1. Give, as residue ranges, the helices (runs of 4 or more DSSP H) completely inside the stretch A:275-356 that count at least 3 residues that are modelled with pLDDT of 95 or more and of a type in the set (K, R).
2. When the stretch A:436-469 is examined, which residues are found to be away from the ligand (no atom under 11 Å from the Cβ) and either in a strand (DSSP E or B) or aliphatic (A, V, I, L, M) (or both)?
3. If you check A:R370 against the conditions, is it charged (D, E, K, R), within 14 Å of chain B (Cβ to nearest Cβ) and either open to solvent by less than 10 Å² (accessible area, probe 1.4 Å) or more than 14 Å from A:D348 (Cα to Cα) (or both)?
4. Considering each residue of the stretch B:64-81, count those that are facing chain A (nearest Cβ under 10 Å) and crowded, with 16+ Cβ neighbours inside 10 Å, and give that number.
5. Give the stretch A:180-207 a look and list any residue that's open to solvent by less than 10 Å² (accessible area, probe 1.4 Å) and either closer than 22 Å to A:R250 by Cα or without any contact (Cβ under 8 Å) to a residue 12 or more places away in the chain (or both), or say none.
6. Regarding the stretch A:413-433, can at least one residue be identified that is more than 16 Å from the ligand (Cβ to nearest atom), open to solvent by less than 10 Å² (accessible area, probe 1.4 Å) and touching a Leu at 6+ places or on another chain (Cβ under 7 Å)?
7. Could you go through the stretch B:17-24 and let me know if any residue there is in contact (Cβ under 8 Å) with a residue 24 or more places away in the chain, of a type in the set (A, V, I, L, M) and within 14 Å of another protein chain (Cβ to nearest Cβ).
8. Here is a list: A:D474, A:D506. Which entry is open to solvent by 20 Å² or more (accessible area, probe 1.4 Å) and within 16 Å of the ligand (Cβ to nearest atom)?
Amino acid sequence: MYTYNEFDNAFVRERVAQFRQQVERRIDGSLTEDEFKPLRLMNGLYLQLHAYMLRVAIPYGTLDSAKMRQLAYLAERWDKGYGHFTTRQNIQYNWPKLADVPDMLDALADVGMHAIQTSGNTIRNVTADHFAGAAADEIADPRPVAELLRQWSTDHPEFQFLPRKFKIAITGSPNDRAVTKAHDIGLRMVRNDAGEPGFEVIVGGGLGRTPMVGQIIRDFLPREDLLPYVEAIVSVYNLLGRRDNKYKARIKITVAENGLDTYRDLVEARFAELRPAFSGVDQELLAGIEAEFAPPAFRDASTDGYEAHRAANPAFRAWTDTNLTEHRAPGYAIVSVSLKAHGATPGDASAEQMRVLADLAERFGHDELRISHEQNVILPHVHKSDLPQVYATLRAHGLATANIGLISDIIACPGMDYCALATARSIPIAQEIATHFDALKLEHDIGPLKIKISGCINACGHHHVGHIGILGLDRAGVENYQITLGGDGTETATIGERAGPGFSADQIIPAVERLVMAYLDLRDSADETFLQTYRRLGLTPFKAALYPDQEKRHAA
Amino acid sequence: MTRRPFTPKVVTANALLEGDAVWLTEDDRWTRDIADAELIEDEAVAEDRLLFAISQPDVVVGAYLADAKPTDTGPAPIHFREAFRTRGPSNYAHGKQAGE
Ligand code: SF4
């Protein structure tokens, strides 16, 4: 795994020391809030509804046990004993006190972590496929490139004041688990006709107020051209992006207003200028980083015990059916640990759970952990013979819910329970949907179904790309929930369609139930997923299920 | 242009050190219980009290006027967002509802 070099370390320590002084000067009154706010945001510190919130970057969602233990320590020492994993593969602490934050940042720096560039109009934490380095369908581990991008973008003098924030996602696999088409730049590893690996470069995707699926600006970019090409994209945006209107400032609008072809021409021209300056130092750097991401020494062992345990233990079998993904090494599995126990807050983990996960990673998982944008924790490399023990430990700590990809594996942003920008709550809706369908015992029958909930139009909960998306709004002083259908965040990315008028907080669960019952009725077999049925039939039959009264009125 | 009639307000903000919600009292203190806040019925007074709040940047952050209504026990919030600020999150018994 990548470890910080001395330069990184000195940089992070210096930033913490600076911030400590800034906090002191804010508290003694020599800095006003207007002066302090941009400084605290640069260090990941927000002020929310009930308290400050510290957002800590987990670059490309990768952690080792030491880092995870330190996250647990922060949760216990300075917060309320838990942390919240987000759709940006970050962790948020919801209750820090202002005066404690520099100590928290110092504790993070002890394990090579920080909260820099988790805010502001900069290039944010680069996100990656959470199965990176493990997935059977992967061309190459995308994390060395993600790390290269992180080093290149961190404190990049040209890109500290972009028109707006800038998010890059990367996957090394043609099957997109990193929602690359909903990012300012998406990078998807593909092979050209000669079989060489390179990147499909996607630009101008994004959710929020004006959701857009990213467009392909280059269908094959050789790996060695990546940095100058990305720099060209950002540099064109830096000049062309609108600074007059915050809602039109993201690159998706720049690309839409100028047209993809014009944007591409400008990027190619800039790329031609920049390319010669990249003399290969970046490639040397990349080679060095790649060495740090070398795959672990996988072990060759029998899986007979695993199969026998599966056959004898139905609960274990159900968990292996939903929570495992095919690994590229024989005998291994990728374990998705659900942070979505029915009724729990999606993405929350207690300090104790974090420590259990760290211990499991250390004992059985080559010391690797990942955070997924779906707010779960991944043990990427577990030998199948160890799974019975891993499962038993997870189960003892409320971490063995067998629901990955199912209706209760819901993405929910913090919403109005924490977030100052929210227009409605999202967490209670997620909790109720999960407990409701668990009580109906329908979850496994329903099969793959992604529900995603956002508490405002900013769409941190990715509702536009949920098979069922739920957006919480404020309608005349009452919480109201709008449904979108048919969204998809994978390589076949689609923005969901708005189903119709929203529902009140007590009507949204029955509405979701009507949708799901309609699907069970309409699917042509148990193998046809919700999304497939929706794509086959379109909005109409689902709309009829959502708004039965209107149907009756039409019929009368 | 007709102006909307003034509705009663409280001055609220977040505490600088703890970050939690606080309300301005009649005697210029910051309280953590909205029921102890000053309910302002006059627009000019409201502006004045807000300016006073803003002049205390070393105590509070982001002061603003929020709609409130009188009750037997003191001012109470009107909008659900303001109601949440008096309690805390709904997923854990943290914040003001836990007496913090
Ligand atoms: S979607 Fe809105 S409410 Fe939810 S976390 Fe983002 S900004 Fe906050």
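1. On the way: elements: A:281-292, A:304-312, A:314-323.
Those helices (runs of 4 or more DSSP H) do not exist here; none qualify.
2. Answer for the stretch A:436-469, where residues must be away from the ligand (no atom under 11 Å from the Cβ) and either in a strand (DSSP E or B) or aliphatic (A, V, I, L, M) (or both): A:A439, A:L440, A:L442, A:I446, A:L449, A:I451, A:V465, A:I468, A:G469.
3. On the way: charged (D, E, K, R): yes; within 14 Å of chain B (Cβ to nearest Cβ): no; either open to solvent by less than 10 Å² (accessible area, probe 1.4 Å) or more than 14 Å from A:D348 (Cα to Cα) (or both): yes.
Spelling it out, it is not the case that A:R370 is charged (D, E, K, R), within 14 Å of chain B (Cβ to nearest Cβ) and either open to solvent by less than 10 Å² (accessible area, probe 1.4 Å) or more than 14 Å from A:D348 (Cα to Cα) (or both).
4. Filtering the stretch B:64-81 for residues facing chain A (nearest Cβ under 10 Å) gives B:67, B:78-81.
Remaining after also requiring crowded, with 16+ Cβ neighbours inside 10 Å: B:78, B:80-81.
Result for the stretch B:64-81: 3.
5. We begin by selecting, within the stretch A:180-207, every residue open to solvent by less than 10 Å² (accessible area, probe 1.4 Å); these are A:180, A:184-187, A:189, A:198-199, A:201-206.
Passing the criteria: A:T180, A:D184, A:I185, A:G186, A:L187, A:V201, A:I202, A:V203, A:G204, A:G205, A:G206.
6. Keep residues of the stretch A:413-433 that are more than 16 Å from the ligand (Cβ to nearest atom), which gives A:432-433.
Within this subset, residues satisfying the condition of being open to solvent by less than 10 Å² (accessible area, probe 1.4 Å) are A:433.
Next cut, touching a Leu at 6+ places or on another chain (Cβ under 7 Å) only: none.
The answer is no; no qualifying residue exists.
7. Checked the stretch B:17-24: at least one residue is in contact (Cβ under 8 Å) with a residue 24 or more places away in the chain, of a type in the set (A, V, I, L, M) and within 14 Å of another protein chain (Cβ to nearest Cβ).
8. Numbers: A:D506 fails: within 16 Å of the ligand (Cβ to nearest atom).
Step by step, each of A:D474, A:D506 is checked, and only A:D474 is open to solvent by 20 Å² or more (accessible area, probe 1.4 Å) and within 16 Å of the ligand (Cβ to nearest atom).
The values are calculated or read from the model by the stated rules, or taken from the named source; none is laboratory data. Everything quoted here is computed from the prediction, not taken from an experiment. We place every Cβ from the backbone using ideal geometry, glycine too, and count neighbours over all the protein chains shown. Just the protein is used for accessible areas: all its heavy atoms, side chains included, with ligands, DNA and RNA removed. Shrake-Rupley method; radii C 1.70, N 1.55, O 1.52, S 1.80 Å.
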